[in-house]
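Beneath this line is the structure, given in structure tokens, with notes to follow.
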Amino acid sequence: MTVVWFVVLLALVALFVSMPFWRHRAASSTEDPELAALEAAREAKYREIRDAEMDHQSGKLSDEDFRQLDSELKGEAVAILDRLEALKGKES
Amino acid sequence: MIGTRGDRRWVDSSRYAVYALCALMVLCVVVIEHAFLTDDFSFNVVATHSSIETPTFYKFTAMWSSQEGSLLLWAFILSVVATISLAATRHRLRDLVPWATAVMMGIATFFTALMLFGGDVNPFQSISPVPADGTGLNPLLQHPSMIIHPPMLYTGYVSLTVPFAFAIGALISRRVDAAWVKSTRGFALIAWTFLSIGIILGSRWSYTELGWGGYWAWDPVENASVMPWLITTAYIHSIMVQEKRGMLKVWNASLIVASFSLALLGTFLVRSGVLQSIHAFGDSTVGPYFLALIGVVLIGSTWLIISRLDILRSERKIDSLASREAVFLINNLLLIALCAIVFWGTFFPLISEALTGTRSTLAGPWFDRYTTPIAVVLVLFTGIGPMMSWRRISMAGAKRVFTWPLIAAAVAFLGLLLFTDAAHSFWALMIFTLAAFTVTALVQETWRAAAARRRSAGGSILGSIWINAKRNHRRYGGYVVHLGLIVLLVGIAASSSFETKRDVKLKPGESTKVDDYTVTYVAPTVSRNDQALIFGAKLQIDRDGQEFARLNPTRQYHQVTDGRVRGIATYFDGEATSEVGLKAGMRSDFWTSVEPDTTEIRRRAQIADKRFAAYMTQVVLPAIQRNPEKRGPMSSQLAEVQSLATDKIIAGYENPNLEAPVTIRVIISPMVTWIWVGAVIAILGALFAAWPSGLLRRRRKAS
């Protein structure tokens, strides 16, 4: 009886694990890692910009420091967006 | 790994294999649980960790009280967290997921192979002949906290496999980018939350069940759980520096390796019997395998980090020491120092034995001496961190944010000095003062951000706080965690520095004074259940002439489970547990335990046992030899008589003429409840921080 159970389970597992091979090679889809990394970087940069704005509004950053930091951060954000655009353009 | 060469179907297939492993592990757990619940003593694990008399509730949890069952739990939880992490990343992190899958399944292979080939740790091992009853579950483990504490702690330990596996995957695939940071941070936060729940439940169990009156004893196994917690705390902070500033990449990779290695070390400590602990499983054969795994993890990871130094270089340097990243770095160093002290103290018995040949242990005061000052500075930085801005804070900004917290700290310091006894403990005074600083800082941060929102968008201040929190779960969840930890630390400082502890010996009707309370030993109590004799004391506690509480602490003597012939006196040779009498309050806890004098009861029980033994050899056995059919009726008759004799003997404990004295331990601890309250706040904060923000949820839905 144990052997029967073992064989049934083994067959079920083998069937399940081999399922991806029944479909076409290109059917599996995942996002481009480069794109994912840039999108995560963009998200982090937006958060940084929002944090800097909040720090300025709550008085932690002087006007001068904020202006400098904000333009630095926005410059970095633009660079990320440019790279994103370029990558998307290449893909399409 | 074949899938990394291009054909993604291999990667999908490996993910399906993880799902299949999870399903099989569920099946294994169901089989073992079914065996426990149906008293199937053909399973060795059931026969040695349960019995017919074990309450059903505890039969269900008995699986993880055994070495083999807890290994199965490890493998089961690992398969669940691996399934969740791979399902969550099935469309993402294309390059590193195959490697992360390989690492997680490598660890899973270790645990399943250990169960199958590691000696006596196979949960499916059967025994023959099948015993009629099992030896029962250790009574100390029959406590509500024990139902949930081990699975929570294990989930914390095991969850650390996920960030570790993704970190290794990122290093191998050379993708140490923002996408990796985002995913591992989330997994680490979840692991931290489970570890926190596990640790605090363990403390609660220690406080209410072990009868020594404390919640933390610097026991090796307790220490083993707190070390990965400290390192994961450091990681959760420093990963933010990497995310925002592109710095500390080597540091973060090392922290995640260290936290996983410490989780394995904790598992090794519980299982190897190398250090003595109330929480450990005792000697076993699995220790060397764990050491080998830890060795492989450490050597392999170190080599990998060194070989990837080119991609782990910091993109920037710290602009100013007056910045959030600098404070996070200091906070990291403090946490590492704390962990190093705990590590040294925990392993000192082994180190001293290796160097001098004599095993010496370091007790609680040693740990307190070195950890308390660091904890105090950490409280300070818990407040400073959120007030700093990234990159640098201006002088005017610093003045603006530090003014109120400093005023609050000064007021708290003077108030405590003038109106309380806090000055009797320097470190407690420091913690209270800095707690005032930190709480004010957190409130100020929340308030100012809400005020800024209100200025630009209108609405109420509470509404603005809620909108800010909803938009930034991480930040506000973090604030709540900080608040919870401060409350917890204040509870620890107050209860450990200002507790009153007295052991008093009283006879029924006698009273004694402990601080402002009068403790009266009203009467002895005695009862028994299927498993134990329970001796207790009815206590009345009065304060200022008014009744404050009625408590009934008990001491339970469990029947032996070592295969000896059971008598009445053998109850006193088995495990003894305490059920404390506790009146908990927000200001202080009144905690009592009792150590009854059972000398007279034992003496009577021994006499009865001798008579039973004589009756057995002189009457029962010859009668059974003459007529074997009498075995059944005579055995049940004898059991009934023995039961009646037990009742009669223990009833003597309540006899007023006996006047048996009891030793009552009384502990009055201020603010212990705040430890549990602080932990709940911190855990809720962590859950809020880990919860995906509305923006993220919408983006995921759209994708």
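The values are calculated or read from the model by the stated rules, or taken from the named source; none is laboratory data. Because the structure is predicted, anything quoted here is derived from the model rather than measured. When we count neighbours, we look across all protein chains shown, and the Cβ atoms used for this are built from the backbone with ideal geometry, even at glycine.
Could you identify the single residue in B:Leu195, B:Leu171 that is within 23 Å of B:Ser261 (Cα to Cα), away from chain A (no Cβ under 14 Å), free of Cβ contacts under 8 Å to residues at least 60 places away in the same chain and touching a helix residue (DSSP H, G or I) at 6+ places or on another chain (Cβ under 7 Å)?
On the way: B:Leu171 fails: free of Cβ contacts under 8 Å to residues at least 60 places away in the same chain.
Just a single option satisfies the conditions, and that option is B:Leu195.
Surrounded by fewer than 19 Cβ atoms within 10 Å (Cβ to Cβ) and of a type in the set (S, T, N, Q): does that describe B:Gln546? Reasoning before the result, please.
Working: surrounded by fewer than 19 Cβ atoms within 10 Å (Cβ to Cβ): yes; of a type in the set (S, T, N, Q): yes.
So B:Gln546 passes the test.
How about the range B:413-427: which of its residues are out of contact with any Leu (no Cβ under 9 Å at 6 or more places or on another chain) and assigned to a helix (DSSP H, G or I)?
Answer for the range B:413-427, where residues must be out of contact with any Leu (no Cβ under 9 Å at 6 or more places or on another chain) and assigned to a helix (DSSP H, G or I): B:Leu414, B:Gly415, B:Leu418, B:Phe419, B:His424, B:Phe426, B:Trp427.
Which of (1) buried (at least 24 other Cβ atoms within 10 Å of the Cβ); (2) modelled with pLDDT under 90; (3) within 14 Å of another protein chain (Cβ to nearest Cβ) does B:Ala100 not meet, given it meets every other one?
Answer for B:Ala100: the failing condition is (2).
Determine if the range B:423-442 includes at least one residue that is out of contact with any Pro (no Cβ under 9 Å at 6 or more places or on another chain), aromatic (Phe, Trp, Tyr) and under 21 Å from B:Ile681 (Cα atoms). Give the derivation first.
Step one: list which residues in the range B:423-442 are out of contact with any Pro (no Cβ under 9 Å at 6 or more places or on another chain), which gives B:423-426, B:428-429, B:431-435.
Those still in the list that are aromatic (Phe, Trp, Tyr) too: B:426, B:432.
If we keep only those that are under 21 Å from B:Ile681 (Cα atoms) as well, we get B:432.
Yes.
Looking at the range B:293-352, which of the residues that are among the basic types (Lys, Arg) and at pLDDT 85 or above is surrounded by the fewest Cβ atoms within 10 Å (Cβ to Cβ)?
Here is the first cut: in the range B:293-352, the ones among the basic types (Lys, Arg) are B:308, B:313, B:316-317, B:324.
Then drop every residue that is not at pLDDT 85 or above, which leaves B:308, B:324.
Details: B:Arg308: 18, B:Arg324: 25.
It comes out as B:Arg308.
Out of curiosity, is B:Thr161 surrounded by fewer than 24 Cβ atoms within 10 Å (Cβ to Cβ) and either within 26 Å of B:Ala234 (Cα to Cα) or hydroxyl-bearing (Ser, Thr, Tyr) (or both)?
Values: surrounded by fewer than 24 Cβ atoms within 10 Å (Cβ to Cβ): no; either within 26 Å of B:Ala234 (Cα to Cα) or hydroxyl-bearing (Ser, Thr, Tyr) (or both): yes.
When the stated conditions are applied, B:Thr161 does not pass them.
B:Pro508 - would you say it is within 16 Å of B:Leu551 (Cα to Cα), more than 20 Å from the chain's Cα centre (by Cα) and buried (at least 21 other Cβ atoms within 10 Å of the Cβ)? Don't jump to the end; show me each part of the working.
Numbers: within 16 Å of B:Leu551 (Cα to Cα): yes; more than 20 Å from the chain's Cα centre (by Cα): yes; buried (at least 21 other Cβ atoms within 10 Å of the Cβ): no.
It is false that B:Pro508 is within 16 Å of B:Leu551 (Cα to Cα), more than 20 Å from the chain's Cα centre (by Cα) and buried (at least 21 other Cβ atoms within 10 Å of the Cβ).
Please verify whether B:Val439 is within 14 Å of chain A (Cβ to nearest Cβ) and under 27 Å from B:Trp674 (Cβ atoms), treating the condition exactly as stated. Don't jump to the end; show me each part of the working.
Details: within 14 Å of chain A (Cβ to nearest Cβ): no; under 27 Å from B:Trp674 (Cβ atoms): yes.
Against the criterion (within 14 Å of chain A (Cβ to nearest Cβ) and under 27 Å from B:Trp674 (Cβ atoms)), B:Val439 does not qualify.
Would you say B:Thr135 is closer than 30 Å to B:Pro553 by Cα, touching a residue at least 12 places away in the same chain (Cβ under 8 Å), not small (Gly, Ala, Ser) and not in a helix (DSSP H, G or I)? Let's see the steps before the verdict.
Working: closer than 30 Å to B:Pro553 by Cα: yes; touching a residue at least 12 places away in the same chain (Cβ under 8 Å): yes; not small (Gly, Ala, Ser): yes; not in a helix (DSSP H, G or I): yes.
When the stated conditions are applied, B:Thr135 passes them.
Report whether or not B:Leu37 is more than 30 Å from B:Ala179 (Cα to Cα) and under 23 Å from the mean Cα position of the chain (by Cα).
Values: more than 30 Å from B:Ala179 (Cα to Cα): yes; under 23 Å from the mean Cα position of the chain (by Cα): no.
Here the answer is no, as B:Leu37 does not meet what is asked.
Quick check on B:Ser42: is it at pLDDT 85 or above, at the interface with another protein chain (Cβ under 10 Å from one of its Cβ atoms) and in contact with a helix residue (DSSP H, G or I) (Cβ under 9 Å, 6 or more places away or on another chain)?
Working: at pLDDT 85 or above: yes; at the interface with another protein chain (Cβ under 10 Å from one of its Cβ atoms): no; in contact with a helix residue (DSSP H, G or I) (Cβ under 9 Å, 6 or more places away or on another chain): yes.
Answer is no for this residue.
Which of the strands (runs of 3 or more DSSP E) found entirely inside the range B:462-564 contain at least 2 residues meeting this: among the small types (Gly, Ala, Ser) and either at positive phi or touching a helix residue (DSSP H, G or I) at 6+ places or on another chain (Cβ under 9 Å) (or both)? Reasoning before the result, please.
On the way: elements: B:500-506, B:511-514, B:517-528, B:532-543, B:546-551, B:554-558.
In the range B:462-564, the matching strands (runs of 3 or more DSSP E) lie at B:517-528.
Which of the residues belonging to the range A:53-64 are at the interface with chain B (Cβ under 7 Å from one of its Cβ atoms) and assigned to a helix (DSSP H, G or I)?
Filtering the range A:53-64 down to residues at the interface with chain B (Cβ under 7 Å from one of its Cβ atoms) leaves A:54-55, A:57-62.
Across the range A:53-64, the qualifying residues are A:Met54, A:Asp55, A:Gln57.
Residues of the range B:142-153 being crowded, with 23+ Cβ neighbours inside 10 Å and assigned to a helix (DSSP H, G or I), which ones?
Within the range B:142-153, B:His149, B:Pro150, B:Leu153 qualify.
All but one of (1) closer than 25 Å to B:Ile318 by Cβ; (2) surrounded by 21 or more Cβ atoms within 10 Å (Cβ to Cβ); (3) within 32 Å of the chain's Cα centre (by Cα) hold for B:Ala436; state the number of the condition that does not hold.
With respect to (1) closer than 25 Å to B:Ile318 by Cβ; (2) surrounded by 21 or more Cβ atoms within 10 Å (Cβ to Cβ); (3) within 32 Å of the chain's Cα centre (by Cα), B:Ala436 is out only on (1).
Being away from chain A (no Cβ under 14 Å) and either over 24 Å from the mean Cα position of the chain (by Cα) or assigned to a helix (DSSP H, G or I) (or both), is that true of even one residue in the range B:1-9?
We begin by selecting, within the range B:1-9, every residue away from chain A (no Cβ under 14 Å); these are B:1.
Filter once more, so that each one left must be either over 24 Å from the mean Cα position of the chain (by Cα) or assigned to a helix (DSSP H, G or I) (or both): B:1.
Yes, the range B:1-9 has at least one match.
Let's see how each residue does on (1) touching an Asp or Glu at 6+ places or on another chain (Cβ under 6 Å); (2) at pLDDT below 90:
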position	(1), (2)
B:Thr193	no, no
B:Gly202	no, yes
B:Ser206	no, yes
B:Glu209	no, yes
B:Trp212	no, yes
B:Pro228	no, no
B:Ser238	no, no
B:Val241	yes, yes
B:Lys249	no, yes
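Looking at (1) within 14 Å of chain A (Cβ to nearest Cβ); (2) part of a helix (DSSP H, G or I); (3) more than 31 Å from the chain's Cα centre (by Cα), which is the only condition B:Gly385 fails?
B:Gly385 satisfies all of (1) within 14 Å of chain A (Cβ to nearest Cβ); (2) part of a helix (DSSP H, G or I); (3) more than 31 Å from the chain's Cα centre (by Cα) except (3).
Let me spell it out: the conditions are (1) modelled with pLDDT of 85 or more; (2) crowded, with 21+ Cβ neighbours inside 10 Å; (3) over 10 Å from the mean Cα position of the chain (by Cα), and B:Pro220 meets all of them except one. Which number is the exception?
Status for B:Pro220: all satisfied but (1).
Name the residues in the range B:455-494 that are within 28 Å of the chain's Cα centre (by Cα) and at pLDDT below 90, would you?
Residues of the range B:455-494 within 28 Å of the chain's Cα centre (by Cα): B:473-494.
Listed by number, the residues that qualify are B:His473, B:Arg474, B:Arg475.
Starting from the range B:346-358, keep only residues that are part of a helix (DSSP H, G or I), then list their pairs with residues that are of a type outside the set (Gly, Ala, Ser) and surrounded by 15 or more Cβ atoms within 10 Å (Cβ to Cβ) whose Cβ atoms are within a distance under 6 Å, requiring at least 6 positions of separation or different chains.
B:Thr346/B:Pro220; B:Thr346/B:Asn223; B:Phe348/B:Leu362
Is it the case that B:Val250 is under 30 Å from B:Leu309 (Cβ atoms) and surrounded by fewer than 21 Cβ atoms within 10 Å (Cβ to Cβ)?
On the way: under 30 Å from B:Leu309 (Cβ atoms): yes; surrounded by fewer than 21 Cβ atoms within 10 Å (Cβ to Cβ): yes.
Answer is yes for this residue.
Given the structure, is B:Phe166 under 30 Å from B:Leu309 (Cβ atoms), aromatic (Phe, Trp, Tyr) and within 14 Å of chain A (Cβ to nearest Cβ)?
Working: under 30 Å from B:Leu309 (Cβ atoms): yes; aromatic (Phe, Trp, Tyr): yes; within 14 Å of chain A (Cβ to nearest Cβ): yes.
In short, yes.
Right, B:Met115: aliphatic (A, V, I, L, M) and either at pLDDT below 85 or within 23 Å of the chain's Cα centre (by Cα) (or both) or not? Steps first, please.
Numbers: aliphatic (A, V, I, L, M): yes; either at pLDDT below 85 or within 23 Å of the chain's Cα centre (by Cα) (or both): no.
Taking the combined requirement at face value, the residue does not satisfy it.
Mind telling me which of the residues B:Ala408, B:Ala375, B:Ala398 ends up being at negative phi, in a helix (DSSP H, G or I), buried (at least 16 other Cβ atoms within 10 Å of the Cβ) and within 14 Å of chain A (Cβ to nearest Cβ)? Can you show your working first?
Values: B:Ala408 fails: within 14 Å of chain A (Cβ to nearest Cβ); B:Ala375 fails: within 14 Å of chain A (Cβ to nearest Cβ).
After ruling out the rest, the residue left standing is B:Ala398.
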